[in-house]
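See below for the structure under consideration.
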Amino acid sequence: MDIQNPLNNSSPSPAQEPLPEPSGLQFKDPSSKGPKVFIIAGGILALLVVVIIIFIVSSNNNKAATSKLDLKTEYDLGYKEATSALKAQYDKDLIIIQGKDPILYTSPPQLGSFEVSIPRTWSWLINPNIDSGTFTGKADPFYILEVATTHAFTLDLAVINYQAKITEMDLQAKNSQGKITGSDVTVSGIAGRRYKGLLVGNNNSEVIIIPLREKVITFGTDDADKYSDMLNIIATSAKLTP
């Protein structure tokens, strides 16, 4: 039996197809899609950058506008405070000057015989009542309006019990939750009491209450913030005959 060597096989082998040429293959070039992706991504990134820049600029503009507004508000507030402080100091200095040039008012003896010095430039309206033994007076730096409810200086002489009046005022101060304060004071050698605060309504007023024989004389101001100094000048210079 003959053994055939396949290498010596002379029978024709099956036909083999030649390999295609690379140029004939339909491969898709990856570079044909890449640039479009990069362009789209770049556009999105650019848009984000623009949005961020607009946000930053807008934020800075808002901060700048707010800063300018804050500076203007601070300036206006500072100007107002400075103007108010200057006016308050001017009013205080003017009151002291006016207090140095007074006119002397002497009451009739039937009313307790008292003397008070009112600034010469002020208006002074009095209402003495000899029959009842009472007296009221009002003074203002300019004209006095009788219908006005507040005055720079008031004087009242009434036939009332001093101790009862002080008890009433002390109770009012006690119940005011600190809105009214009371303290001792002496006028023309006579001991009395001073009360300051929201005595009537929301006005910061002040009164000095002194016993005078069987009566009570009260020096006061309806605007203690502005005329407390003048009240002290008038009260301390008053002369009372007990």
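Tabulated results
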{"item": "Label point 7 Å beyond Cα of residue 164 along Cβ direction - residues of segment 182-200 with amide nitrogen under 19 Å", "result": "193"}
{"item": "GluC sites (Glu not before Pro) lying in DSSP loop within segment 80-150, provided at most 14 other Cβ fall within 10 Å", "result": "146"}
{"item": "Size of electric dipole in segment 172-224: Cβ of Lys, Arg +1 and of Asp, Glu -1, about Cα centre, debye, nearest 20", "result": "180 debye"}
{"item": "Prolate/oblate/rounded label for segment 133-207 (Cα gyration tensor, a/c 1.5)", "result": "oblate"}
{"item": "Check: segment 105-242 dipole with +1 on Lys, Arg Cβ and -1 on Asp, Glu Cβ, in debye", "result": "240 debye"}
{"item": "Selection of chymotrypsin sites (Phe, Trp or Tyr not before Pro), segment 130-202, meeting DSSP coil and at most 12 other Cβ within 10 Å", "result": "142, 143"}
{"item": "Trypsin sites (Lys or Arg not before Pro) within segment 138-242, DSSP loop, no more than 16 other Cβ atoms inside 10 Å", "result": "179, 213"}
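A short reminder: the numbers here are calculations on the coordinates, not readings from a lab. These figures come from a predicted structure and were not determined experimentally. Ideal geometry is used to build each Cβ from the backbone, glycine not excepted, and the neighbour counts take in all protein chains shown.
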